[in-house]
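The values are calculated or read from the model by the stated rules, or taken from the named source; none is laboratory data. Everything quoted here is computed from the prediction, not taken from an experiment. Cβ sites come from the backbone with ideal geometry, for glycine too, and all protein chains shown count toward neighbours. To get the accessible areas, we keep the full protein, side chains included, count just its heavy atoms, and leave off ligands, DNA and RNA. Shrake-Rupley method; radii C 1.70, N 1.55, O 1.52, S 1.80 Å.
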Amino acid sequence: MGNLPMLSSESALSVVRFTEEKFGQAEKTELDAHFESLLARADSTKNWTEKILRQTEVLLQPNPSARVEEFLYEKLDRKVPSRVTNGELLAQYMAEAASELGPTTPYGKTLIKVAEAEKRLGAAERDFIHTASINFLTPLRNFLEGDWKTISKERRLLQNRRLDLDASKARLKKAKAAEAKATCEGDTVPDFQETRPRNYILSASASALWNDEVDKAEQELRVAQTEFDRQAEVTRLLLEGISSTHVNHLRCLHEFVESQTTYYAQCYRHMLDLQKQLGSSQGAIFPGTFVGTAEPASPPLSSTSPTTAAATMPMGPSVADLAPPGEAALCLEEVAPPASGTRKARVLYDYEAADSSELALLADELITVYSLPGMDPDWLIGERGNKKGKVPVTYLELLS
């Protein structure tokens, strides 16, 4: 408790010195340009790390109440309870609806199939959240709560050492000015209002007294300069460590992208399997009808990047024939390209033909396509060499 008044006094002096510098009433020791650049880079790293961390948390857990709950559990060092994902909850509702409405009915069977797919999607989402939290969020938090706090502490110490150094410089400057004045004017009584009270020997000359004061001020300045230089070096080493932080965050970012890629690939596979199941059962439930959008499918904007391939989800499943209900199936051998001509198309995804009327596709291959009058807009006739068959439009990129 005896040290509290002294600490409070030192803090008050630091505040006074800092305020004087801000108003231009005191000199300020400037840091070199490289040091200032390190400080700016560290501040920028901290600010953007906070923003990326917060937005990633929102991405992984959109519910703010759930995020607050997870934060409290983390601060209390307790395990976060397992939480059902939205996909798993939807799967549960669909399964219960199928059980009550009739699991053997067409609607009930479809509900069960969709519920199983949604359950797998929910499990994939859970794995993605867990992996992203460990490989990406945790390192960012560790930086903000560990390395950055250490850097901030050493920067505050450096600020105090700089203020002490500036005060020592100002004290020496006043002492030298008073010594010069005393030397010119002869023996005069020192002005104790301008300097710290000292146990002066009143019998000595004022010039000698001021000379002693200058020696003490120079000694204090040397000590302050040494402490400032030592603290500046410690702070500089920590700031240069930000480069290692960037390397670590880069590695974590790659792992986050890998986990996100795996998650979306799993979702794509689950939905593609579900689509095929629904497509095969749809023909039995509604003979002669097509599954998919009623509007013609628009060609993708690009097929060269994985992002476009993942985003352009195939929507049209296989169909048994091209002919409307009640009419004879169209004979592919008799099909000829229309007078309007044909187009080239690039295959976006592998496609397995459901029957002999369809043409199996391999990703990235080029085929010739064309449409026939009265044909479903979600399908085209595709030709590859001497092979011919129906192909889904959403698996293709139509080339100009």
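In whole percent, what relative contact order does region 343-399 give with Cα contacts below 8 Å and a gap of six or more residues? Contact order relative to length: 40 percent. Charged side chains reduced to their Cβ positions (Lys and Arg at +1, Asp and Glu at -1) give region 343-399 a dipole of some 300 debye around its Cα centre. Taking Cβ atoms as reference points and 14 Å as the exclusive limit, the residues near SER65 contribute a net charge of -1, counting Lys and Arg as +1 and Asp and Glu as -1. Here the extension length gained between GLU27 and THR150 equals 41.5 nm, from 0.36 nm per residue of separation less the Cα-Cα distance.
Of all DSSP-defined beta bridges confined to region 343-399, some 95% are antiparallel rather than parallel.
Ranked from largest to smallest solvent-accessible area, with a 1.4 Å probe on the protein heavy atoms, TRP48, TRP379, TRP148 come out as TRP48, TRP148, TRP379. What the Cβ-Cβ distance of PHE35 and ASP364 gives, at R0 = 35 Å and to the nearest 0.05, is a FRET efficiency of 0.05. Spin-label model, ALA177/SER400: points 7 Å from Cα along the beta carbon direction are separated by 7.7 nm. Rolling a 1.4 Å probe over the protein heavy atoms leaves TYR268 with an accessible area of roughly 40 Å².
The simple spin-label model puts a point 7 Å past each Cα toward its Cβ; for LYS216 and SER44 those points are separated by 4.8 nm. Extension gain, GLU240 to VAL335: 0.36 nm times the residue separation minus the Cα-Cα distance gives 27.1 nm. The local environment of THR342, defined by Cβ-Cβ distances under 13 Å, has a net charge of +3 under the rule Lys, Arg +1 and Asp, Glu -1. With a/c under 1.5 counting as rounded, go ahead and sort region 343-399 into rounded, prolate or oblate using the C-alpha gyration tensor (a ≥ b ≥ c being the square roots of the eigenvalues; past the cut-off, prolate if a/b is larger than b/c, else oblate). The shape class here is rounded.
May I ask which of LYS46/LYS153; LYS28/LYS153; LYS344/LYS390; LYS109/LYS276; LYS109/LYS390 have a Cα-Cα span longer than 18 Å here? Mind showing how you got there, number by number?
Working: LYS46/LYS153 14 Å; LYS28/LYS153 21 Å; LYS344/LYS390 15 Å; LYS109/LYS276 14 Å; LYS109/LYS390 28 Å.
Check vs 18 Å cut-off fails for LYS28/LYS153; LYS109/LYS390.
GLU213 exposes around 10 Å² of accessible area when a 1.4 Å probe is run over every protein chain in place. The slack between THR342 and GLU69, meaning 0.36 nm per residue of separation minus the straight C-alpha distance, is 92.3 nm.
Can you sort LYS388, LYS28, LYS149 by 1.4 Å-probe accessible area, starting with the largest? Provide the component values of the computation, followed by the final result.
Numbers: LYS388 60, LYS28 105, LYS149 125 Å².
Largest to smallest exposure gives the sequence LYS149, LYS28, LYS388.
The solvent-accessible area of ILE52, taken with every protein chain present and a 1.4 Å probe, is close to 80 Å².
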